[in-house]
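> Just dropping this structure here.
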Amino acid sequence: MRILVVEDEKRIADFLTRGLQGAGYAVDAAPDGTTAIDFIHSTDYDLVILDLMLPDMDGLKVLERARSRKAGPPVLILSARGQVDDRVKGLEQGADDYLVKPFAFVELLARVRALLRRGQPAPEKLQVADLTVDCVRRKVSRAGETIDLAPKEFGILEYMMRNKGRPLSRTMIVEHVWDMDYDGLTNIVDVYIRHLRSKIDDRFQQKLIQTVRGIGYMVEVPDTPAAAPPEPAAERQV
Ligand code: CA
């Protein structure tokens, strides 16, 4: 889950970024409207947290531009302006929720979670063969056995499980799970996949994490019960 925080006040932006990261989300921060619009148009966010008073433009303008594409991410407006007028205007223009400053972080987090659930009609429990991921309790089990994962490992597995059968590139995985663009550091994905495999696949005959040549990885139940080695001749022809 990737969240964009649009806030010019550094103290608040840092506070939100740290808090949301602590809650397990990947977070980018934009200090003004122009940067925010660039980010929104170039990256797939699951949620945008938007301050209304920005140095270069009204936050509502950012909202309008985010909404100019057919399926923009949900937007939570954050502002010191508590007037009913602004609240109504924001919601009319397509904001999904509105929080007035000052606010408690727990309240923000509750609303963020609610919005992400709404934007994500996907089931809260994901299953592939005998592997189960409980996205709410953040628990993983295979064949009834609980498996402990580090937060990033969990993030990668959840992303792959939600996209079962779809090959995901290293870049896609990095962009979805890490905060920054890890240019040239997509190798880190291989390292994490190795960790995941050792926890999820190594002890089991059926391997669920598949390497997709030339692309990256995916989670899928293999066609053959025992993973047959690929035929070298067929491989060369590709
Ligand atoms: Ca501001």
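The values are calculated or read from the model by the stated rules, or taken from the named source; none is laboratory data. Because the structure is predicted, anything quoted here is derived from the model rather than measured. All Cβ positions, even for glycine, are placed from backbone atoms using ideal geometry, and neighbour counts span all protein chains on display.
> Here are the criteria: (1) surrounded by fewer than 19 Cβ atoms within 10 Å (Cβ to Cβ); (2) within 15 Å of the ligand (Cβ to nearest atom); (3) touching a residue at least 60 places away in the same chain (Cβ under 8 Å). Tell me which single one LEU16 does not satisfy.
Against the list (1) surrounded by fewer than 19 Cβ atoms within 10 Å (Cβ to Cβ); (2) within 15 Å of the ligand (Cβ to nearest atom); (3) touching a residue at least 60 places away in the same chain (Cβ under 8 Å), LEU16 comes up short only on (1).
> Of the residues in segment 5-62, how many are in contact with a helix residue (DSSP H, G or I) (Cβ under 6 Å, 6 or more places away or on another chain) and of a type in the set (Val, Ile, Thr)?
The number of residues fulfilling the criteria is 6.
> Still on this model: Can you say whether ALA26 is closer than 30 Å to TYR159 by Cα and away from the ligand (no atom under 13 Å from the Cβ), as far as the supplied structure shows? Write out each step before concluding.
Working: closer than 30 Å to TYR159 by Cα: yes; away from the ligand (no atom under 13 Å from the Cβ): yes.
Against the criterion (closer than 30 Å to TYR159 by Cα and away from the ligand (no atom under 13 Å from the Cβ)), ALA26 qualifies.
> Considering only residues of segment 1-13 that are within 12 Å of the ligand (Cβ to nearest atom) and not in a helix (DSSP H, G or I), which is surrounded by the fewest Cβ atoms within 10 Å (Cβ to Cβ)?
Applying the filter and picking the extreme gives GLU9.
> Let me ask something additional. With respect to THR171, determine if the residue is among the hydroxyl-bearing types (Ser, Thr, Tyr) and either in the same structural domain as LEU20 (by TED's automatic domain parsing) or at pLDDT 90 or above (or both).
No: the conditions fail for THR171.
> Under 9 Å by Cβ, and 6 or more places apart or on different chains, what pairs join a residue from segment 48-66 that is free of Cβ contacts under 8 Å to residues at least 40 places away in the same chain and in the same structural domain as THR34 (by TED's automatic domain parsing) with one that is within 11 Å of the ligand (Cβ to nearest atom) and among the small types (Gly, Ala, Ser)?
Cβ pairs passing all conditions: LEU52/GLY59; LEU52/SER79; LEU52/ALA80; ASP56/GLY33; MET57/GLY33; ASP58/GLY33; LYS61/GLY33; ARG65/GLY33.
> Let me ask you something else. Answer with yes or no whether ASP97 is surrounded by 15 or more Cβ atoms within 10 Å (Cβ to Cβ), at pLDDT 80 or above and acidic (Asp, Glu). Don't jump to the end; show me each part of the working.
On the way: surrounded by 15 or more Cβ atoms within 10 Å (Cβ to Cβ): yes; at pLDDT 80 or above: yes; acidic (Asp, Glu): yes.
The answer is yes for ASP97.
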